[in-house]
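Just below is one structure, and these are the notes that go with it.
Computed from the coordinates by the stated procedures, all read-outs in this text should not be read as laboratory data. From a predicted model like this one, the values you see are computed outputs, not experimental measurements. Cβ atoms come from the backbone with ideal geometry, glycine included; neighbour counts cover every protein chain shown.
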Amino acid sequence: MSAKRDIVSVVTGGAGFLGSHLCDLLLGQGHRVVCLDNLLTGSVANIEHLAGHSRFQFIHQDVTDYLYLRGPVDNIFHFASPASPIDYLEFPIQTLKVGALGTHKALGLARAKQSCFLLASTSETYGDPEVHPQPETYWGHVNPIGPRGVYDEAKRFAEALTMAYHRFHGLNTHIARIFNTYGPRMRPRDGRVVPAFITQALQGEPLTVFGDGHQTRSFCYVADLIEGIGRLAQCDYHEPVNLGNPQEMTVLQFAERIRALCGSRAEIVHRPLPVDDPKVRQPNIALARQQLGWEPRVSLDEGLEKTIAYFRGLLARGQL
Ligand code: UDP
């Protein structure tokens, strides 16, 4: 009788914000985890606590290059991508390449190994939505040539490619449409609203609200999101599933909440609204409830307290 081997999971972008939390979840479930990352926007600081773990391996690799791994692979979680609007501006070509070529390489590896494949897709596939809240059946309203188009279109292509591998090659694939998620390990200066407002509030700098601040977002705590990813990977449903927290608020309300939780009296200033900034965003999570028995559990205040504590730690160590 052969000895039972560990489940092997590959996480592309495993040194990023979401990828590193996913590595933690999978290691906790007893998997062997291979983390691939080119560290363009990810950071070894996010996985340094895993150094020396007997079931964890980090490979510094660009997933748009040919992927070769020895031995069996049971799951591939494709999370590699820049994920903040200022990163798309700084790395437009890399963003397109990782969503398109990187997804092709990751799917090719999944096919070669007959692995289960999960794509980290995004609410950006809905663009600036004209249907609200957004169900998975909505096809979106995306500007293909705007500054965000490099991300939106790459992810839309990635979804199309994933469904083609599922339908044509019979691969076991899953697509998570991830809505705004926050928590420890977000990059302090990645330009997204959560690290921006928290670092500003903690340092007594003005909170920069873009536009009039009446645009809305719905924020999900990272632990909830990652739990949903784990469930999606194991279910028998292959079309896209929204994962996010439906609690919606305006960016201005969000700034005020963060300021209060940080105990800051920093002022709120307005800055120009970025091009194609979606006016509303809220996931319809009926499908996730039905297919995965999943819904977020962590309240906004609880999640923000943990996130603020993380950024306070960085501030105390001079890392902001
Ligand atoms: N935003 C803001 N101030 C900032 C950063 C972002 O008002 O310093 C706004 C941004 O215009 C958007 C929302 O916050 O309406 C969320 O932006 P983020 O970059 O976090 O992600 P998005 O949801 O736009 O992809």
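Please check: in the Gaussian network model of the chain (C-alpha springs, under 10 Å), which one of Arg271, Arg217, Arg185 has the largest mean-square fluctuation. The residue with the greatest mean-square fluctuation here is Arg271. For Leu207, the residues whose amide H sits under 5 Å from its own are Glu267, Ile268, Val269, ignoring neighbours fewer than 5 places away on the same chain, with H placed 1.01 Å from N. For the range 29-99 versus the range 103-122, the inter-centroid distance based on Cα atoms is 13 Å. Partner aspartates and glutamates whose Cα lies under 13 Å from the Cα of Lys105, excluding those fewer than 8 positions away in the same chain, are identified as Asp62, Asp65. A cut-off under 14 angstrom between Cβ atoms defines the neighbours of Arg148, and their net charge, with Lys, Arg +1 and Asp, Glu -1, is -3. Once the Cα atoms of helix 149-169 and of the chain are each reduced to a long axis, what angle between those two axes, in degrees from 0 to 90 to the nearest 10, is obtained? Here the helix axis deviates by roughly 30 degrees. Computed from the alpha carbon atoms alone, the convex hull of the range 1-69 holds 84 Å³ per residue.
Treating each Cα of the range 66-171 as an identical point scatterer and summing with the Debye formula, the log10 of I(q)/I(0) at q = 0.11, 0.13 Å⁻¹ comes to -0.36, -0.50.
Whole-percent P(r), the chain, all Cα pairs, 10 Å bins from 0: 6, 27, 37, 23, 6, 1, 0. Here the scattering of the range 186-316 is modelled by Debye summation over its C-alpha atoms, one equal scatterer each and no solvent; at q = 0.10, 0.13, 0.15 Å⁻¹ the log10 of I(q)/I(0) is -0.37, -0.60, -0.77. Taking the alpha carbon gyration tensor of the range 145-250, multiplying each eigenvalue by 5 and rooting it gives semi-axes of 32, 17, 12 Å, largest first. Rounded to the nearest 10 degrees, the angle from helix 300-316 to the longest Cα principal axis of the chain is 90 degrees. Overall, the ratio between the Cα radius of gyration of the range 72-115 and 2.2 N^0.38 Å, rounded to two decimals, is 1.34. A straight Cα-to-Cα reach below 28 Å connects Lys4 with the lysines Lys113, residues fewer than 8 places away in its own chain not being considered.
Principal-axis analysis of the Cα atoms of the chain puts helix 222-234 at an angle of about 30° to the longest axis.
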